[in-house]
Amino acid sequence: MDVVKGIQHVHGSALYGRIMQSISVIQRSIDLYGTTGLALSLNGGKDSTVLLHLIRAALELRRQEGSGDEKEGGLGGMVTFFFDKADDFPQVVQFTKEMDALYSLDMRIYTSDFFTGLKELLEDTDVKGIFLGTRRGDPNAGDQETFSPSSAGWPVFMRINPIMEWSYHDVWEFLIMCHLPYCSLYDEGYTSLGSVESTLPNSALSRHDGKYSPAHMLQDPRLERAGRTSRSVTRADSLIGSKKGTTIMTAGLAIIGDEILAAKVDDVNMKFLCKSLRSIGWLVTHVHFIRDDIDDIADAVSSLSSKCDAVLSCGGLGPTLDDVTMKAVAKAIGRKIVTSASLEKKIKAHFGDHVTKFHLKMAEVPDGPETILIDYMLRDGRPSPYPLVRCRNIYILPGVPSIVEQKWSAVRDDLADLHSTSCHRSDSQQSFDSLPSPEIPFSTVVIRLKIEDEAMVSQPMELIEQEYSEHVSIGCYPLSNQSDSCTVAMSLEGKDRAKVDQAQRHLMSLLDPATVSSIHRQGEAIHSPSDAPTLGE
């Protein structure tokens, strides 16, 4: 399909806006440097392939508008170059050669290292700017912007990054919707291409039959580089957390509703979700309370999504005009709101002749492959007419506590699936089987003290922190009006129970035994000693 005609297929979408913004960058670059002053680094990967087609579109649009005087054929005189390395996939080399022939690129092929080849390119041509397929979040992106001069010590040129703000799913939606060619490896489960030795199919796309789904089927874009093994760590390492020997997945909560912020309704969802997530070994690191405003919700959800492994929003779902969460999530991920045919069918079947347009409002979800509907069963065994909706790593829950509790089982199971696909490694890869699962709950010891001044435990806390910080976190909480007259509770927590117990014994040796009232195994002992078993029970 002609690339310009293909782009019209996504007209009106958020992706269309990004496409036109990228084309604008390319056209501005042509205005600044001319086509002979520009080059495309074509490496056979999906991002450089997107750039190739965007440049073709930009040149064609200039021709249609009569504003371009570029050479006919190829990329209008623009230089295309490729580094042919011994450890490249044969499919990558073949694909670049096919693109060279198909689009008359007259591609320059270098076999040297990148620095030497780049220096030779700049010396032999008039190239001043090079188009790169760098996206925000790539390992080499750093603090680059759309136009960024080359780094100190490198040959002088302008790095031009037209797709810097594109997401993984934007890349695939563009290629698929516009019916554009790409390297065949992506249909075999590869999601990020490096050398033959450093790249494997993405285990998140593994199927029961031993094969792999294509790259565009990857649900969680954070796992894009999970198949890259050039470093000793991959996505699985990021699941270990900042403390060695533990697997800590993080969650953020977005609690939504004017009525909560106005104190008209007491929120109970935060406590339920924090406790439930904690029971399966997840750490809640952020909680945002937000009013019923699309922009505010979108900002909060976007921020949480970038910081946490999973986001759970509560509230703002329903048939009334103040239920705006779904629109806000769509805005946060750069998507439109559309009516889900399958969800609409479920709602109509549930309400029958009594269905209204207000009921059907609840069939609206963000469009695109990131939106997943997860069915779950009600307590009476019937399937719910309202599946759990997940967009990327964002779980969208209602505000009604009883329904939140019903949907929690679906959230929990999906979180478990996310971990198993991201951490599973085949025998040919470095084994992470020994890592503790995030479903291992936190081990907690609470020591209740009767002391006059909290500062009395400051030095012992510092010593424990210095010795055990890689495995155990320590906290101290002042108390009042306790049934056991305790004034301070100290907490030791981690996923390695042996380390927690070791830290507890060390801490006890630093405390005055006369000040210790009791020791408990559960965090609830901080405020309710009668409900928590003592150590050893």
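The values are calculated or read from the model by the stated rules, or taken from the named source; none is laboratory data. If you're wondering where the values come from, they're calculated on a predicted model, not measured in any experiment. Reconstructed Cβ throughout: ideal geometry from the backbone, glycine too, with neighbour counts over all protein chains shown. Ligands, DNA and RNA are excluded from the accessible area calculation, which covers all protein heavy atoms including side chains. Shrake-Rupley method; radii C 1.70, N 1.55, O 1.52, S 1.80 Å.
Would you compute, for the Cα atoms of segment 311-411, the largest minus smallest coordinate along each principal axis and list the three values in descending order, in whole Å?
The principal-axis extents, from largest down, are 35, 29, 25 Å.
When ligands, DNA and RNA are left out and all protein chains stay put, how many square angstrom of accessible area per residue does the chain have with a 1.4 Å probe?
47
Using only the Cα atoms, work out Rg/Rh for segment 250-346, with Rh taken as the Kirkwood radius, to two decimals.
Reported Rg/Rh (Cα atoms, Kirkwood Rh): 0.99.
If I take all pairs of Cα atoms in the chain, what percentage of them are more than 39 Å from each other?
40
Among the listed pairs K85/K119; K264/K407; K275/K499, give every one whose C-alpha distance is greater than 20 Å.
Exceeds cut-off: K264/K407; K275/K499.
So for the chain, taking the charge dipole from beta-carbon charges (+1 Lys/Arg, -1 Asp/Glu), which of G257, S29, S302 sits furthest toward the positive end?
G257
How much FRET efficiency would the formula 1/(1 + (r/R0)^6) give for F289 and L180, where r is the Cβ-Cβ distance and R0 is 35 Å, rounded to 0.05?
Computed FRET efficiency for F289 and L180: 0.20.
Cross-link list K327/K357; K271/K345; K331/K357: which exceed 27 angstrom alpha carbon to alpha carbon?
Pairs exceeding the cut-off: K271/K345.
Return a whole-number percent for the relative contact order of the chain, with Cα pairs under 8 Å and 6 or more residues apart as the contact set.
Averaging sequence separation for qualifying contacts and normalising by length gives 10 percent for the chain.
Can you compute the charge dipole magnitude of segment 309-355 about its Cα centre, using +1 on each Lys and Arg Cβ and -1 on each Asp and Glu Cβ, nothing else charged? Give it in debye, rounded to the nearest 20.
I would put it at about 240 debye.
How much of the pair distance distribution for segment 310-365 lies past 15 Å, counting alpha-carbon pairs only, in percent?
Tail of P(r) above 15 Å: 52 percent of Cα pairs.
So which aspartates and glutamates can K495 reach, going by Cα to Cα under 13 Å and dropping same-chain residues fewer than 8 places off?
Once the sequence-local aspartates and glutamates are set aside, what remains near K495 is E439, E470.
Given the peptides 283-291, 83-91, arrange them by the average over their residues of other C-beta atoms within 10 Å, most packed first.
283-291, 83-91
What would the Debye formula give as log10 I(q)/I(0) at q = 0.19 Å⁻¹ for the alpha-carbon point model of segment 50-184, no solvent?
-1.51
Could you tell me which of I474, A455, F442 has its Cα farthest along the dipole of segment 441-502 towards the positive end, charges placed at Cβ (Lys, Arg +1; Asp, Glu -1), taken about the Cα centre?
Of I474, A455, F442, it is F442.
What is the dipole size for the chain, taken about its Cα centre, with +1 at each Lys and Arg Cβ and -1 at each Asp and Glu Cβ, in debye to the nearest 20?
The calculated dipole for the chain is roughly 800 debye.
Working out 0.36 nm times the residue gap between A455 and S306, then minus their Cα-Cα distance, what length gain in nm do you get to one decimal?
Stretched out fully, the A455 to S306 stretch lengthens by 50.0 nm.
For a paramagnetic label modelled at 7 Å from the Cα of V265 toward its Cβ, which residues of segment 278-298 fall within the zone defined by backbone nitrogen distances under 20 Å?
287-298
Of S104, F115, L40, which is farthest towards the positive pole of segment 11-139's charge dipole, taken about the Cα centre with +1 and -1 on the beta-carbons of Lys, Arg and Asp, Glu respectively?
After comparing all options, I get L40.
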